[in-house]
Amino acid sequence: MEKKVFDGLSKRVQWEPYAQVLGLRLKKLDEGYSLVEMTTSDEMQNILGNTHGGAIFSLIDEAFETASNSHGTIAVALNMNVTFIAPPSPGEVLQAEAKEINLTPRTATYLINVTGKGNRLIAACQALVYRKKEALPFLEE
């Protein structure tokens with residue numbers, strides 16, 4: 001992976017307002033791969049007192065976004081299919097690991113798993129992006 005792409009994506013995640021609100025942390029990044037972490041909080045609870053599915057989806061989306069844009073060109077989501085398997089415990093650290101399983105000039109497919117304490121599976125996702133030809137605009141900053 002080009003250092004320019006790695007540095008650009010890493011800085012962009014730190015700057016991204018939504019990622020800051022949820023406390024999303026980019027832990028690892030490589031071409032077609034990303035590992036993002038989030039600690040659940042009381043502010044993320046749904047009406048049943050569990051971590052809201054939207055918060056878990058956001059963690060998945062951040063891993064998907066960074067893995068799919070790791071080639072240095074703009075990639076935008078076409079489809080995401082998420083299966084929620086188990087609710088995380090309050091205050092649990094979750095990790096979303098995105099792995100590219102197919103790459104073409106126009107699309108790419110990813111498998112993203114969210115795990116919690118003891119590598120317990122929380123959610124699983126299959127996702128598809130459309131790959132544009134344009135370079136990521138913030139790489140020139």
Calculated [θ] (222 nm, deg cm²/dmol) that DSSP helices of n ≥ 4 give over the chain, each run adding -39,500 (n - 2.57): -7500 deg cm²/dmol
HN-Hα J in Hz across segment 91-105 - Karplus 6.51, -1.76, 1.60, θ = phi - 60°, x for Gly and Pro: x, 6, 8, 10, 10, 10, 10, 9, 10, 6, 10, 7, 9, 10, x
Spatially proximal lysines relative to residue 28 (Cα-Cα < 22 Å; intrachain offsets below 8 disregarded): 3, 4, 11, 99, 117
Segment 10-46-segment 112-141 distance, computed between alpha-carbon centres (Å): 11
Cα-centred dipole magnitude for the chain, charges only on beta-carbon of K, R (+1) and D, E (-1), debye, nearest 20: 300
Rounded accessible area per residue of the chain, 1.4 Å, Å²: 55
Portion, in percent, of the accessible area of the chain that falls on carbon or sulfur, probe 1.4 Å: 52
Calculated from backbone phi, Karplus (6.51, -1.76, 1.60) coupling profile of segment 66-76 in Hz, x at Gly/Pro: 6, 5, 6, 8, 5, 8, x, 10, 5, 10, 10
Cα-only Debye scattering, segment 20-141: base-10 log of I(q)/I(0) at q = 0.10 Å⁻¹: -0.30
Lys/Arg +1, Asp/Glu -1 at C-beta; segment 16-110 dipole; positive extreme among 72, 52, 94: 72
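The values are calculated or read from the model by the stated rules, or taken from the named source; none is laboratory data. Note that this is a predicted model, so its numbers are computed, not measured. Here Cβ is always computed from backbone atoms with ideal geometry, including for glycine, and neighbour counts include all displayed protein chains. The area values use the complete protein model at the heavy-atom level, side chains included, leaving out ligands, DNA and RNA. Shrake-Rupley method; radii C 1.70, N 1.55, O 1.52, S 1.80 Å.
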